[in-house]
Amino acid sequence: MATKEKTKTNKKTTKKSTPKKTTRKLAAKKKPTKKVTPTKKTSKQTYQGEEAFLATIEPYKLNKKEKYMSAKQKKHFLKILERWKQLLQLEQNRTADKIQNNSNHFADESDRATHEEGFTLEIKTRERERRLLSKIDQSIKDLDNHDYGFCMNPNCGVEIGIRRLEARPTASLCIDCKTLEEITEKQQYG
Ligand SMILES: [Zn+2]
């Protein structure tokens, strides 16, 4: 138990007890209210409409022996649907802000009239996007239930097909049933 302490270490008490700097950071550190600002460099994130989005879909490379709606294919479509959903949600927030701003800015009746057209269009687009969003949600659910990719017509149920799904990722009817549906609708409504 001989602890050789050769040199008596002078306990250097260099511990200067520096008084705590009391730099009061003023309340400038307020949390910035999260708001989606469209003007920021989110060029990659902005939604340019359905057609533009669909054009960005990279065709799935089919393996010859691959089963239809294999796990890999499902993943491919899930990725597409989720990306689409995200973009649409961003777009919805952006439009909501825009509509809000519009109704604030144009108190003047004539100014308002000038912008009315674009305004109505904006609302219509938004409504369309909202419907699309719910379709996308349904498709994501279908993927989960293994219903995705098969015609939902109970008398049919055939494979919708990878290429058709890439052209219309929310499709729930095969091309034949869809065509038939459109014909029937036309007959019913004029
Ligand atoms: Zn069908």
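Readers should treat all values here as calculations from the given coordinates under stated rules, not as data from a laboratory. Please read these numbers as outputs of a predicted model, since none were measured by experiment. Using ideal geometry, Cβ is built from the backbone for each residue, glycine included, and neighbour counts are taken over all protein chains shown.
A search for C-beta distances below 8 Å between a residue of segment 171-186 that is under 22 Å from Asp137 (Cα atoms) and any residue that is part of a helix (DSSP H, G or I) and near the ligand (Cβ under 8 Å from one of its atoms), counting only pairs 6+ apart in sequence or on different chains, returns Ala171/Lys178.
Output the number of residues of segment 119-169 satisfying the condition of being in contact with a Cys (Cβ under 7 Å, 6 or more places away or on another chain) and either more than 14 Å from the ligand (Cβ to nearest atom) or of a type in the set (Lys, Arg) (or both).
Result for segment 119-169: 0.
When residues in segment 151-170 are screened for being surrounded by 18 or more Cβ atoms within 10 Å (Cβ to Cβ) and over 18 Å from the mean Cα position of the chain (by Cα), 4 of them pass. Listed by first and then second residue, the pairs with beta-carbon distance under 7 Å, at least 6 apart or on different chains, first residue in segment 141-170 and more than 23 Å from Gly49 (Cα to Cα), second within 11 Å of the ligand (Cβ to nearest atom) and among the polar types (S, T, N, Q), are Met152/Ser172.
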